[in-house]
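What follows is a short report on a single structure.
Bear in mind that the values in this text are calculations on the coordinates, not laboratory data. All values derive from a computational prediction rather than experimental measurement. Counting neighbours? That spans all protein chains shown, and the Cβs are built from the backbone with ideal geometry, glycine included.
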Amino acid sequence: MADHTNQTQLAETEPTPLDMPSLARVLFGHAAFQYLHAACELGLVRMLAEHGELDKHEIAKRLGLQERANDILLLGCTSLGLLVRADGGYRLADLLTTLIGSGEWDRIEATVAFEGHIVYEGQTDFTESLRTNSNAGLRRIRGSGHNLYQRLSENPSLEQVFYTYMKSWSELANGHLVEHVTPLGSGRLLDCGGGNAVNAIALAGADPDLRVTVIEIPQSKEIAEREIREAGLADRISVIGGDMYSEEFPEGYDTILFAHQLVIWTLEENTELLRKAYRALPSGGRVVVFNSMSNDEGDGPVVAALDSVYFAALPEEGGMIYSWRQHEECLGAAGFTDVRRIPCHGWTPHGIIVASKP
Ligand SMILES: C[S@@+](CC[C@H](N)C(=O)[O-])C[C@H]1O[C@@H](n2cnc3c(N)ncnc32)[C@H](O)[C@@H]1O
């Protein structure tokens with residue numbers, strides 16, 4: 001198999017019996033994240049990547065921190081394993097050095113910014129979101145838009161954090177998408193809710209004859225168009241600004257892609273979108289679902305569970321990291337057959353499902 005970027009594997013194990021240290025980590029999980037967030041925002045990780053090893057006074061001086069603040073930061077980062085003590089100084093954990101060397105750290109840092117600036121506060125309303133079966137945390141995002149995506153355009157700095165993250169999150173696994181979906185020859189692909197066109201660009205970049213149309217809400221259309229222009233692919237990727245719920249999908253495409261899309265909505269809404277895709281596709285046409293998946297037993301992977309808090313509390317009223325089987329049931333209800341699962345086997349729980357219209 002090709003060497004994709006999502007290579008820092010998370011060995012997926014059965015849930016382990018709970019002990020006190022693991023309960024304490026859950027209890028203070030929010031604080032653990034804050035150390036990672038601060039280490040990124042203060043530049044500690046990048047600084048140690050550059051210098052290898054520094055003593056605590058040098059770290060405080062370079063970060064501009066008072067001694068007490070520096071002590072707190074180093075206490076947390078060392079005890080959590082992000083840093084290692086060495087000869088009285090501090091260096092990065094080997095994993096972080098590897099991630100920085102491979103470039104994957106850029107994507108993790110983008111994810112940290114997204115979690116810290118967009119997800120974190122809204123998750124405070126998780127319990128309320130469960131009680132009301134609705135995204136109560138959206139109230140933490142300023143604006144009048146009906147959902148998070150509409151509100152992003154009312155908050156330009158959050159919009160930038162979101163699309164930088166979304167690009168990174170897609171790139172962590174979309175090498176698999178390219179491998180399993182292309183080449184489509186002179187095919188045409190419709191990318192529904194394509195964001196900043198990160199997947200359209202990866203697919204068209206790998207398949208010289210492929211033409212792609214991205215559907216995106218009007219507020220985000222320009223973001224997609226800018227990325228496409230910068231990638232030099234404006235002759236083969238176009239963007240329709242519209243609402244994929246209010247209109248039928250255009251015809252003339254042999255593949256319809258839902259990337260990180262069917263985690264946002266209820267299963268009923270997903271089935272409705274898939275029925276639309278079915279109506280628009282010719283016989284033999286394919287639908288591709290690309291997003292994180294939980295397992296059919298409903299007990300993991302843990303990243304799927306943790307990411308579901310965001311989908312419960314923030315973007316829209318429905319949504320979670322659904323199981324493979326739930327997606328397959330929606331596909332079946334919409335009329336698709338030949339349903340094929342393709343796990344991506346990385347530390348993210350990404351997977352791909354390909355199905356055909358008979
Ligand atoms: C989670 S992001 C995924 C972006 C992209 N597919 C990716 O994988 O990186 C969801 C995207 O769907 C878009 N979206 C949400 N509702 C939509 C609608 N009704 N019609 C078109 N696009 C929509 C959002 O603006 C957002 O860019």
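Tabulated data for the structure shown
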| read-out | value |
| --- | --- |
| Compactness of segment 164-356, expressed as Rg and Dmax over alpha-carbon positions, Å | 15.4, 45 |
| Protection proxy ranking, peptides 89-97, 23-31, 115-123, 56-64, average beta carbon neighbours within 10 Å, highest first | 115-123, 89-97, 56-64, 23-31 |
| Cut-off under 5 Å, modelled amide H: who pairs with Val212 long-range | Leu189, Ile237, Ser238 |
| Coil-residue GluC sites (Glu not before Pro) of segment 187-296, DSSP, other Cβ within 10 Å capped at 16 | Glu247, Glu248, Glu251 |
| Segment 31-77: C-alpha gyration tensor shape, a/c 1.5 cut-off, then a/b vs b/c | oblate |
| Share of pairwise Cα separations in the chain, more than 35 Å, in percent | 27 |
| Whole-Hz couplings from phi, Karplus 6.51/-1.76/1.60, listed for segment 91-103; x for Gly and Pro | 9, 6, 4, 4, 4, 5, 4, 5, 5, 5, x, 8, x |
| Packing rank of 137-146, 34-43, 79-88, 321-330, where each peptide gets the mean count of other beta carbons within 10 Å, highest leading | 321-330, 34-43, 137-146, 79-88 |
| Rounded Å value of the spacing that divides the Cα centres of segment 269-335 and segment 150-172 | 21 |
| Rounded, prolate or oblate (a/c below 1.5 giving rounded, otherwise prolate when a/b exceeds b/c) for segment 20-100 by Cα gyration tensor | prolate |
| Helical contribution to [θ] at 222 nm, DSSP H n ≥ 4, -39,500 (n - 2.57), averaged over the chain, rounded to 500 | -13500 deg cm²/dmol |
| Hits among lysines - C-alpha to C-alpha of Lys276 under 29 Å, sequence gap 8 or more where chains match | Lys167, Lys221, Lys357 |
| Anisotropy class of segment 35-176 from Cα gyration tensor, a/c 1.5 cut | prolate |
| Nearest-0.05 FRET efficiency for Arg62 and Tyr245, computed from C-beta distance (R0 56 Å) | 0.65 |
| Degrees between helix 324-334 axis and first principal axis of the chain (Cα, 0 to 90, nearest 10) | 20 |
| Estimated inter-spin distance, Met20 and Asn147, nm [label 7 Å along Cα→Cβ] | 4.6 |
